[in-house]
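Before any comments, here is the structure.
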Amino acid sequence: GAGVSQSPSNKVTEKGKDVELRCDPISGHTALYWYRQSLGQGLEFLIYFQGNSAPDKSGLPSDRFSAERTGGSVSTLTIQRTQQEDSAVYLCASSLLAGGNEQFFGPGTRLTVL
Amino acid sequence: SQQGEEDPQALSIQEGENATMNCSYKTSINNLQWYRQNSGRGLVHLILIRSNEREKHSGRLRVTLDTSKKSSSLLITASRAADTASYFCATPTSGGSYIPTFGRGTSLIVHP
């Protein structure tokens, strides 16, 4: 079956511009996670959606970052007024249930802010 | 803050040798997972071990968990060049929110 997909795969933008990153989770997965990974670093948790509950936004680094998950499926991560330090690979993952279940990752979006 | 940390940061071995990576974590967990990442893109789940388990096997992979030491190890036996990748452990964040958090990973290079 289809896995987690993300688009675009690569995004180059200029400092100060807004960007939107999209994640299509596996159908039926109730939990969706966004992480980012800077070069040679581990994964930094950003935000977590679980069903219809309020998202856990505790990992968002600033108010320039926001995310939505419409209809319990597709999610969009928006970064406003991008900065060079936002350059990273943004990874989306979904899991069937919450509670530390196996996560299925998308291929990521590589964001480069010039 | 990061819950788990992998050790060593980098590991270079010859094909056929065994590779051992370790993960230490800070607070009590209900499970621990190991993932593999190729070329800095999406991660692939390898194995999940629950807190009441001490050892688990999957093919050439062997994972141990010592909750008293708050540590886990991943052993890859008879390594192959295709095992070259970064390996991460994931543990739930403290406070029971069950959001898996990742360490910086171990970069494994297997030379043919």
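The values are calculated or read from the model by the stated rules, or taken from the named source; none is laboratory data. Just so it is clear, the model here is predicted, and its values are computed rather than measured. Areas reflect the complete protein model, heavy atoms only, side chains present, ligands, DNA and RNA absent. Shrake-Rupley method; radii C 1.70, N 1.55, O 1.52, S 1.80 Å.
Considering only protein heavy atoms and a probe of 1.4 Å, how much of the accessible area of chain B is carbon and sulfur, as a whole percent? The partial results should precede the final answer.
Details: 2420 of 5190 Å².
Ligands and nucleic acids excluded, carbon and sulfur reach 47 percent.
Can you compute 3J(HN,Hα) from phi for each residue in segment B:18-34, using the Karplus curve 6.51 cos²θ - 1.76 cosθ + 1.60 with θ = phi - 60°, rounded to whole Hz and x for Gly and Pro?
8, 10, 10, 10, 10, 9, 10, 9, 9, 10, 4, 10, 9, 7, 9, 10, 10
In whole Hz and in residue order, list the ³J(HN,Hα) couplings for segment B:60-70 that follow from phi through the Karplus curve 6.51 cos²θ - 1.76 cosθ + 1.60, θ = phi - 60°; x for Gly and Pro.
So the J values, rounded to whole Hz, are 8, 9, 9, 10, 10, 9, 10, 5, 5, 9, 6.
What is the interface area between chains A and B, defined as buried accessible area summed over both chains with a 1.4 Å probe, reported in Å² to the nearest 100?
Working: alone 6200 and 6040 Å², together 10570 Å².
Between A and B, the summed buried area is about 1700 Å².
Take the solvent-accessible surface of the protein heavy atoms, probe 1.4 Å, and return the percent of it on segment A:5-95 that carbon and sulfur atoms account for.
Working: 1850 of 4290 Å².
Whole-percent figure for carbon plus sulfur exposure: 43.
With every protein chain kept in place and ligands, DNA and RNA left out, what is the accessible area per residue of segment B:29-74? Probe 1.4 Å, answer in Å².
Value for segment B:29-74: 47 Å² per residue.
Compute for the protein assembly as shown: radius of gyration divided by Kirkwood radius, i.e. Rg/Rh, restricted to C-alpha atoms, rounded to two decimals.
0.97
With every protein chain present, what is the per residue accessible area of segment A:5-95 (1.4 Å probe, Å²)? Could you put the intermediate results ahead of the total?
Details: 4290 Å² over 91 residues.
It amounts to 47 Å² per residue over segment A:5-95.
So what J values fall out for segment A:3-14 if you push phi through Karplus, 6.51 cos²θ - 1.76 cosθ + 1.60 with θ = phi - 60°, rounded to Hz, Gly and Pro as x?
Using θ = phi - 60°, the values come out as x, 6, 10, 9, 8, x, 7, 9, 9, 10, 9, 9 Hz.
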